[in-house]
Amino acid sequence: MPALTGGLPRGASTIPRASAADVTSVGLFGGEDFYTILGVAPSAEPRDIKRAYHSLMREFHPDRAPEGLRDDMADLCVLLNEIYATLNDEEKRAVYDSIAGFSSSAINPFLDGSFARDQVQSA
């Protein structure tokens, strides 16, 4: 799945969301952010997040999965539940957005002030 850089791709009305093939090939979406996994923009309304969550849960529910994929689908559903719990709560979403870099006041939790490369040099 392509990484997002600055919103929706040109001419697209929605972000492409995960597919069943992504579950096995990426190992439960590896390093993707919550919004990309759900297939919504970071500015999505709560109702859009809920709709995307329910759609993915219907598609990936372990009871509907082939026998060999049930454990992976169960793990994916746990991840989807955590994502929905985070993005559905205003405070948790604000914290996630600031840590993940989706807000204007985002901070870098890995910034090391003692490391020269982390310092901005003025010209």
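Can you tell me how much longer the chain between residue 59 and residue 91 gets when fully stretched, taken as 0.36 nm per residue apart minus their C-alpha distance, in nm with one decimal?
8.7 nm
Determine ³J(HN,Hα), in whole Hz, for all residues of segment 42-50 in sequence, where each value follows from phi through the Karplus function 6.51 cos²θ - 1.76 cosθ + 1.60 and θ = phi - 60°; x replaces Gly and Pro.
x, 8, 4, 6, x, 5, 5, 5, 4
Give, in nm to one decimal, the length gained when the segment between residue 81 and residue 43 is fully stretched (0.36 nm per residue of separation minus the Cα-Cα distance).
Gain on stretching residue 81 to residue 43: 11.7 nm.
Throughout, read-outs are computed from the coordinates displayed, never taken from laboratory work. Quick caveat, the model's predicted, so the values are computed rather than measured.
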